[in-house]
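Some notes on the structure that comes next.
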Amino acid sequence: MRTGLSADVIARVLGNRPKYTLAELEEKYPPRNLSEGAFVTRFAPSPTGYMHIGGLYQAFIDSKLARQSGGVFMLRIEDTDTKREVADAVKIIENSMHRFGLEYNDIPEYGPYYQSQRKDIYHSVAADLLARGLAYPCFLTSEDMEKIRENQKAAGFATGIYGEFARDRDISEEEIIRRLDAGEVPSIRLYSTGNPDNRIFCKDAVRGSIGFPENNEDIVLIKSNDGLPTYHFAHLCDDHFMRTTHVVRGEEWLPSFPLHIQLFRMMGWTPPLYIHTSTIDKIDPETGKQRKLSKRHDPEANVAFFLQDGWPTDAVLEYLGNIAASGYEEAKSKGQVKSIWDYELRLKKIPISGALFDMKKLEWWAREFIGTLPVDKLVKLVRDWADEYDPQWAARIGDNPEYLKNILAIERDNPKRIRKDFITWKQTLQEVSYFWDDLFVPNKEYEFNKDLLSTFLSTFDICDDKDAWWAKIVAIAADKGVKNGDVAMNLRVALTGRTNTPDLYSIMQVMGSDRVVNRIKDVING
Ligand code: GLU
C-alpha cells in the first residue's frame, strides 16, 4: 500500500470527479431479489465480428444454469478494446444467441450492458482504490515499457511492471501534478502487494480450489489512451455490481485467476463462483490428434457456419449441451427427457479438458432431430433458411410451397419409420432436388430394362391406391420372370436417378402423373 491520493488529485488523474461513492453504487445495484439458489450468469463477449463455437458453448452453459435455477442470464458486451471493434459485431452476437434460443432476460436496472457505457462506474471504483493507496497513476510510455522489458529479458527476470520496475508506484502528488501539467496522460495501475512466494487459493466450481503464486504485477486498471478499463478491472466492477453469481469463461483466463481474486479481496467483495470451460477440440484429419478448433483453419469454429449451412440450431445446441452434460444423450434415448432444457446440468460434470466437437457426431444429432420434426415445422425451417441464404431455392419454393410440403411429408409423421437422410436445411433441399425437372439428373449408368418400364407405363394410373399399384408391379414381375424389386428399381432409378430413395409410391404420387410419365418415357426413348 502507498499513501492514498487526495480527492483533487484523483479528479485530475481521472479527468473528472467520481460520479458515485462505493456506497452509492451498492445502493444503485443492490443484491438481487431472487429466490435462494438462483444463478445470475452472463455471457460477456467482445464484439470482434466473429462468434466462436466455444462462445456459444459458454453461452449455453450460462443460459442453462440461469434457467434451471430460476435465475437471470445477461448479455454483456465487452467493448473496451476500441481497436478491435468491428461494425455489426453486436448484431452477429445477438442474432446468434437468438437463433440458438439463448434468450437473455435481465432487467435494465443492472445495466447498461455495454462496458463502454459504464465508465462512471469504473472511474468511481478506481477513485476508491486511488484514495486508499491501492492504485496509482502511471506515466510510463510504451517506449519506457519496451526498454524495461528488454532489460528484464537480458537479466533473465520475469517481464512486466512489478516491484522495482514499477517506476511510478510511489510517485508523489507533486510529481503527478507536474506531469499532468506537462500534458502527460497516465494509465491507472494496481498497486500490487502480492508476493509470488506466497500462494493464493482460487475456487473454481468444477476444478475445485486451485493454488497459484500471488500476483505481484501492477497491472493496468484504466488505460491511458481512452480512459476505459482493462478486462480485469471491468470484470471486477461489473460482476460485482451486476451481482453475477457464476462466471463461465474460457480456461485461457486461468492464469489471471489469482489477479482477479486479489482484486475482489482488495475491494472486500465476495467473488462469484468461476467455471473455466475447456477448449472445444476436434480430431485433426491429417494427424489424427485431438486439437483445439482453430478460427483460421476450421470453418466449424465459427457459429455463422452452422447458420449458413442450415444446421438445425437445436441439434447443434443439443450436441453442445451433451458435451457439457454428458448423460443427456442416454436420458434422451431412454425417453426420460425431451430436450436439453429438461436435463439438469450439473456443475461438477462440466468437462475441464479437451471437449471434443465432432462433425460426424453432430450429423447424428441432426438426423435424429430432423427425423422427428412434424412436416409443417420442417417446411418452415427449410423455407426460413432458403429465404435468408439461398434466393434461388427461396424463389423455387415460393412458386409452389405445397409441392415442397408434399415432398417433405413423404415418410414423415410415422413414429415407426423415421427418415434419417436429412442433416441440414441446405442438404435437405439437395436431397430432394430430383423432384424438380431442371434439377433432376438422369442416371446414365444404370442399365434399364426398358421392357419393364414400357409395360408399367401402359398400365400406370396415378389414381391407383398403393395396393393396386403394387399388384401391378407384382404382375409385371411374374409375367416377365423378374423379381418385384427389379421392376421397382427400374422405376425408382428412372424417376429419381437414384437407387436409394424413400417410399416409391409416395414419390410418384407427389411427382404427379405427367412428371412420372415423362421421365419414364425419357428413359424408354433415350
Ligand atoms: N470478454 C471476455 C472474453 O471474450 C469475457 C471473459 C468472461 O466471460 O469473463 O473472453
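Rule-based calculations on the coordinates, nothing more; no lab input. Quantities reported herein were computed from a predicted structural model and do not represent experimental measurements. Don't worry about glycine lacking a Cβ; one is built from the backbone with ideal geometry, like all the others, and counts go over all protein chains shown.
Couple of notes before you dig in:
- For peptides 112-119, 273-280, sequence by mean Cβ density within 10 Å, most packed first: 273-280, 112-119
- Taking a straight line from the alpha carbon of Lys380, these lysines sit under 20 Å away, with near neighbours fewer than eight places off in the same chain left out: Lys405, Lys420, Lys426.
- Using θ = phi - 60° and Karplus 6.51 cos²θ - 1.76 cosθ + 1.60, couplings along region 424-435 (whole Hz; Gly, Pro as x): 10, 5, 5, 5, 4, 5, 4, 5, 9, 5, 5, 6
- Most tightly packed first, judged by the mean number of other beta-carbon atoms within 10 Å of their residues, the peptides 391-400, 491-500 read 491-500, 391-400.
- Take the Kirkwood radius over Cα pairs of region 185-251, plug it into Stokes-Einstein at 10 °C and 1.306 mPa s, and you get 115 µm²/s for translational diffusion.
- Region 213-240 and region 22-58 have their alpha-carbon centroids 17 Å apart.
- Rh by Kirkwood over Cα pairs, then Stokes-Einstein D for the chain at 0.692 mPa s and 37 °C, µm²/s: 119 µm²/s
- Under Karplus coefficients 6.51, -1.76 and 1.60, residue-wise ³J(HN,Hα) of region 450-463 in Hz, glycine/proline x: 4, 4, 4, 5, 4, 4, 4, 4, 5, 9, 5, 9, 4, 7
- Helix content alone sets the calculated 222 nm mean residue ellipticity of the chain: runs of n ≥ 4 DSSP H residues at -39500 (n - 2.57) each, divided across all residues, give -13500 deg cm²/dmol.
- Peptide packing for 25-31, 419-425 was compared via the average number of neighbouring C-beta atoms within 10 Å per residue; ordered from the highest value, the list is 419-425, 25-31.
- Distances between placed amide hydrogens fall under 5 Å for Arg76 paired with Phe43, Ala44, all partners being 5 or more residues away or on another chain.
- Within straight-line reach of Lys450, meaning a Cα separation under 24 Å, sit the following lysines at least 8 residues removed in sequence or on another chain: Lys466, Lys472, Lys480, Lys483, Lys521.
- For the chain, the residue among Trp269, Trp393, Phe165 whose Cα projects farthest onto the positive side of the dipole built from Cβ charges is Trp269.
- Charge-dipole axis of region 130-216 as Lys and Arg at +1 and Asp and Glu at -1 on Cβ define it, positive-most pick from Ala182, Ile148, Pro213: Pro213
- Electrostatic dipole magnitude of the chain [Cβ: Lys, Arg +1; Asp, Glu -1; Cα centre; debye, to 20]: 960 debye
- Our compactness index for region 254-300, the C-alpha radius of gyration over the empirical 2.2 N^0.38 Å, is 1.82.
- Here region 163-278 has an Rg and Dmax of 16.0, 51 Å, counting Cα atoms alone.
- Three-way shape label, region 487-526, alpha-carbon gyration tensor, a/c 1.5: oblate
- Residue-wise HN-Hα coupling along region 491-505, computed from phi with Karplus coefficients 6.51, -1.76, 1.60 (Hz; x: Gly, Pro): 5, 4, 6, 5, 7, 10, x, 10, 9, 10, 8, x, 3, 5, 4
- Region 324-391-region 466-492 distance, computed between alpha-carbon centres (Å): 40 Å
- Think of the chain as a dipole: +1 on every Lys or Arg Cβ, -1 on every Asp or Glu Cβ, centred on the Cα centre; then among Leu65, Ser192, Gln117, Leu65 lies furthest on the positive end.
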